[in-house]
1. If you go through region 77-96, how many residues are surrounded by 20 or more Cβ atoms within 10 Å (Cβ to Cβ) and either in a helix (DSSP H, G or I) or among the small types (Gly, Ala, Ser) (or both)?
2. List every residue pair whose Cβ atoms sit under 8 Å apart, with the two residues 6 or more apart in sequence or on different chains, where the first one lies in region 174-185 and is more than 16 Å from residue 157 (Cβ to Cβ) and the second, anywhere, is within 6 Å of the ligand (Cβ to nearest atom) and hydrophobic (A, V, I, L, M, F, W, C).
3. How many of the residues in region 155-204 are in a helix (DSSP H, G or I) and closer than 24 Å to residue 223 by Cα?
4. Among (1) closer than 25 Å to residue 158 by Cα; (2) open to solvent by less than 40 Å² (accessible area, probe 1.4 Å); (3) in contact with a Pro (Cβ under 8 Å, 6 or more places away or on another chain), which single condition is residue 51 missing?
5. Out of region 126-140, which residues are among the basic types (Lys, Arg) and under 22 Å from residue 57 (Cα atoms)?
6. Scan 102, 65, 90, 51 and give me the residue that is under 29 Å from residue 229 (Cα atoms) and either within 15 Å of the ligand (Cβ to nearest atom) or assigned by TED's automatic domain parsing to the domain that holds residue 163 (or both).
7. Looking at region 109-139, which of its residues are open to solvent by less than 30 Å² (accessible area, probe 1.4 Å) and either touching a helix residue (DSSP H, G or I) at 6+ places or on another chain (Cβ under 8 Å) or in contact (Cβ under 8 Å) with a residue 40 or more places away in the chain (or both)?
8. Go through region 156-184 residue by residue and tally those that are open to solvent by 30 Å² or more (accessible area, probe 1.4 Å) and either farther than 23 Å from residue 17 by Cα or more than 10 Å from the ligand (Cβ to nearest atom) (or both).
Amino acid sequence: MSKKRVVVLTGAGVSAESGISTFRDSGGLWEKYDISEVATPEAWERNIDLVIDFYNQRRKQLHEVKPNPAHYALVKLEEKYDVHIITQNVDDLHERAGSSKVLHLHGELKKVRSSIDENLVYELEGWELKKDQKCEKGSQLRPHIVWFGEPVPLIPKAAEISSSADIYLIIGTSLNVYPAAGLVNYVKPGIPIYLIDPGEVHAPDVNLIKEKAGTGTPKLVEQLLKKAD
Ligand code: OAD
């Protein structure tokens, strides 16, 4: 018999216990930085140094952190389920833990791309993107990140994956940012949805597990693995 499909939508909260700041919690990144100054195409036009530095700092931090029990629990879930992760995170902690199917809706910190041809994407060596580092067509390389005001190219794929779920998990996202927050609307009626988050997240018709990802996820995974037997 083929495995049931579990689709998992993750946000910054799944990496919080690894030591990566979330965006909107108190002390979060958007309290320290103005979104419009670092995460928009206009910011890139206005102040390229600041934008490059902002993502260089994030990338540098990525080399100093490790996956946590939430990431590893999702890997274990693959023993008995066909697990598809849709992450809003630009870190690579799901992959480093060992998850096999990870879709990065908002881009990837470790990648950079041409600023004139979005198909020219490169792995950056080390943490530092330098001003004047160019693509093969001669344009400045930019972070491979979906900025505010830019389209989210992988949304149709993520919607399709969401609609194919037998079980849906939402972990560590405030569900504030669209279109990602709307993916849950593609889940078929009657499919169980679990939401793990210690904060106040509002989503209708979900089984709410008000816990941190690092404890809530391994517990839910154990339950799901038992159910699959
Ligand atoms: P947010 O910062 O908006 O939300 C983080 C969520 O994680 C909140 O609901 C917290 O309650 C929860 N949280 C905090 N600690 C947690 C823990 N230990 N375990 C589980 N949950 C925890 O982050 P996102 O929803 O991911 O986009 O933000 C969505 C997008 O907005 C990001 O991808 C980013 C940002 O601007 C871009 O930069 C394009």
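The values are calculated or read from the model by the stated rules, or taken from the named source; none is laboratory data. All figures in this text were calculated on a predicted structure; none of them were measured in a lab. Don't worry about glycine lacking a Cβ; one is built from the backbone with ideal geometry, like all the others, and counts go over all protein chains shown. Note: areas computed on protein heavy atoms with side chains; ligands, DNA, RNA excluded. Shrake-Rupley method; radii C 1.70, N 1.55, O 1.52, S 1.80 Å.
1. 3
2. Every condition considered, the pairs that remain are 174/23; 174/201; 175/201.
3. Keep residues of region 155-204 that are in a helix (DSSP H, G or I), which gives 155-163, 180-186.
Now restrict to residues that are closer than 24 Å to residue 223 by Cα: 161-163, 184.
The qualifying residues number 4.
4. For residue 51, the exception is condition (1).
5. In the first step, residues of region 126-140 are kept if they are among the basic types (Lys, Arg); the result is 130-131, 134, 137.
130, 131, 134 - these are the residues of region 126-140 that are among the basic types (Lys, Arg) and under 22 Å from residue 57 (Cα atoms).
6. None of the others qualify; the one that does is 102.
7. Residues satisfying the conditions are 109, 124, 129.
8. Looking only at that region, the number is 9.
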